[in-house]
Structures are given as C-alpha cells and as structure tokens.
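Asks: One structure, pasted below without further comment.
The values are calculated or read from the model by the stated rules, or taken from the named source; none is laboratory data. This structure is a prediction, so every number in the text was calculated from the model and none was measured. No Cβ is skipped: glycine too gets one built from the backbone with ideal geometry, and neighbour counts run over all protein chains shown.
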Ligand code: PGA
C-alpha cells in the first residue's frame, strides 16, 4: 500500500519571517493528515526549516543539488551539504531547471544518482511541454526522461525514489491536467516500470504536480496511480497546503 506524499515546492519564495509563520500554521493544522508531508525550500532556509521541523511529522528537502560531490563548482550545493541539514528529499530535474538552466536528461540522471549515493530520496520530475502534448509525444518525452535515469541507475533505484509527473503547461498556470489526463500518464509511467520490475512499480510513489489546489486535489488524488502532489503556489498558503494534505 503506497502512502501518499504531498510535498511543497516553495521555489524562490519566502523570508525568515514568512517561513516561520507558514510552518507554524501548517504544523498547527497537521492533526488528521494521513499523507506524508514535506517541504522543499530554498537552500538558505534549510537550517531554519530543520530547526523548526525536527521531531515533527513534516519532512524537508531542497529543490536542486549538484551532480558533483565537491570541488571547484562556484555557486553549487552538494548532496552531503543537504545531509548536513537533515534533508530527506531533493527535487531533481524540475522543469524550471531543465528549461531555464539547461539541465539535460543526462545531468538530471547524474543528480539523481548523486542524491541516492548520499542517502537522499530524489523526487525525479518529468513532464511534457504544451507543444509536446499537442504533438502527441507526451509518452515519448516522459519515457525518454525516465530512460536516462533507468540507464544510469537501473530500475531497482526507484525503490528509493519518488517520481513527480508535472506537465509543464500546468505549472503555475492555473490550468490543471484533468484527472483522466494525469491518470493516463501516471499509468504509463507505472506500466513502463512494471515491465521491468513489478514490485518496484507497485511501491513507487508517483506525484502529480501542476496547479494542484484545494479545489482539485481530491479528484486528482483519488486516481489509482496518483500518489500525492508536488505543490508550488498553493504550498505558500497554509490553509491551501493543509487542505491538499488532508485530501491525500
Ligand atoms: P504549481 O507548481 O503548483 O504552482 O503549478 C508546481 C511545481 O512547479 O512543482
């Protein structure tokens, strides 16, 4: 039985004061939440979040990391550094990293491998652009993104990972994939993994991300292959985030 995972992706938002207020409100509302809850925060706030959430039911993580262990990589952050701040999760291959910072499938796979080597759980983000959906190549695109990781790390690595399906056209746009659209891609992903290893496929948590809100969370999270959400905008408002957590 897969436990749902609802993770906030704060992106480049927050201040010390805002984070404190947001986390206080979320912690205060956690009674009755059955899902695993996590927040992926900007690097400078990891110490704050660790201090605030240690011993609580909420896990935390980062939004990116270097594929390299250490060295002359100005501006980068390693997996070991994330471990120093108690991170459980790290997003790899978010579509904003792929599109704005040119992260290739190969680089994303290397980050995934480096995260796992350090004992972090990578949340591997995959998803197609609007053009790709209109060209009806969603499955090729998502399949190619998965193949990069499968080729480097093998299917067994997915026993210690999470996948987030995030159609790029639904991120931050207010346009959500319909439950059927999302379920179809989630089923494709699980089916692709099942063909390699049924047990891994059955246990794999596949989150949906892209304008998930309090108002659409239940219909998405009740789809058979949707095991949680990766939440951007709505994760910045405690009541909205909690409503999604409670839907999970
Ligand atoms: P959104 O972002 O919920 O604001 O669409 C999701 C994400 O980018 O992870």
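Asks: Of all residues being part of a loop (DSSP other than H, G, I, E, B) and in contact (Cβ under 8 Å) with a residue 60 or more places away in the chain in the range 205-236, which is nearest to residue 60 (Cα to Cα)? Just the residue, please.
Replies: Taking the range 205-236 first, the residues part of a loop (DSSP other than H, G, I, E, B) are 210-213, 222-227, 232.
From what's left, in contact (Cβ under 8 Å) with a residue 60 or more places away in the chain: 210, 227, 232.
Values: 210: 20, 227: 18, 232: 15 Å.
The residue in question is 232.
Asks: Still on this model: Looking at (1) at negative phi; (2) within 16 Å of the chain's Cα centre (by Cα), which is the one condition that is false for residue 129?
Replies: Residue 129 satisfies all of (1) at negative phi; (2) within 16 Å of the chain's Cα centre (by Cα) except (2).
Asks: Which condition breaks for residue 123 when tested against (1) farther than 19 Å from residue 234 by Cα; (2) within 16 Å of the ligand (Cβ to nearest atom); (3) buried (at least 19 other Cβ atoms within 10 Å of the Cβ)?
Replies: The failed condition is (1).
Asks: Moving on. Collect the residues in the range 140-159 that are closer than 20 Å to residue 204 by Cβ and exposed (fewer than 15 other Cβ atoms within 10 Å of the Cβ), keeping them in residue-number order. Don't jump to the end; show me each part of the working.
Replies: At the first step, the residues of the range 140-159 found to be closer than 20 Å to residue 204 by Cβ are 141-159.
Result: 144, 147, 151, 154, 156, 159.
Asks: With the condition kept exactly as written, say whether any residue in the range 160-178 is under 14 Å from the mean Cα position of the chain (by Cα), surrounded by fewer than 20 Cβ atoms within 10 Å (Cβ to Cβ) and part of a helix (DSSP H, G or I). Even if it seems obvious, please write down each step before you answer.
Replies: Keep residues of the range 160-178 that are under 14 Å from the mean Cα position of the chain (by Cα), which gives 160-168, 171.
Filter once more, so that each one left must be surrounded by fewer than 20 Cβ atoms within 10 Å (Cβ to Cβ): 160.
Okay, now just the ones that are also part of a helix (DSSP H, G or I), so 160.
The answer is yes; a qualifying residue exists.
Asks: Out of 39, 26, 33, I need the residue that is in contact with a helix residue (DSSP H, G or I) (Cβ under 7 Å, 6 or more places away or on another chain), within 22 Å of residue 119 (Cβ to Cβ) and either at pLDDT 95 or above or crowded, with 21+ Cβ neighbours inside 10 Å (or both). Which one? Give the steps one after another, and end with the answer.
Replies: On the way: 26 fails: within 22 Å of residue 119 (Cβ to Cβ); 33 fails: within 22 Å of residue 119 (Cβ to Cβ).
Residue meeting the stated conditions: 39.
Asks: Related question: Return the total of residues in the range 213-235 being over 21 Å from residue 193 (Cα atoms) and within 9 Å of the ligand (Cβ to nearest atom).
Replies: The number of residues fulfilling the criteria is 6.
Asks: Now a separate question. Take the residues in the range 179-204 that are surrounded by 19 or more Cβ atoms within 10 Å (Cβ to Cβ) and within 16 Å of the ligand (Cβ to nearest atom); name whichever of them is farthest from residue 133 (Cα to Cα).
Replies: This residue is 186.
Asks: Tell me yes or no: at least one residue of the range 78-89 is in contact (Cβ under 8 Å) with a residue 12 or more places away in the chain, buried (at least 21 other Cβ atoms within 10 Å of the Cβ) and either within 16 Å of the ligand (Cβ to nearest atom) or on the phi > 0 side of the Ramachandran plot (or both).
Replies: Yes, there is a match, as at least one residue in the range 78-89 is in contact (Cβ under 8 Å) with a residue 12 or more places away in the chain, buried (at least 21 other Cβ atoms within 10 Å of the Cβ) and either within 16 Å of the ligand (Cβ to nearest atom) or on the phi > 0 side of the Ramachandran plot (or both).
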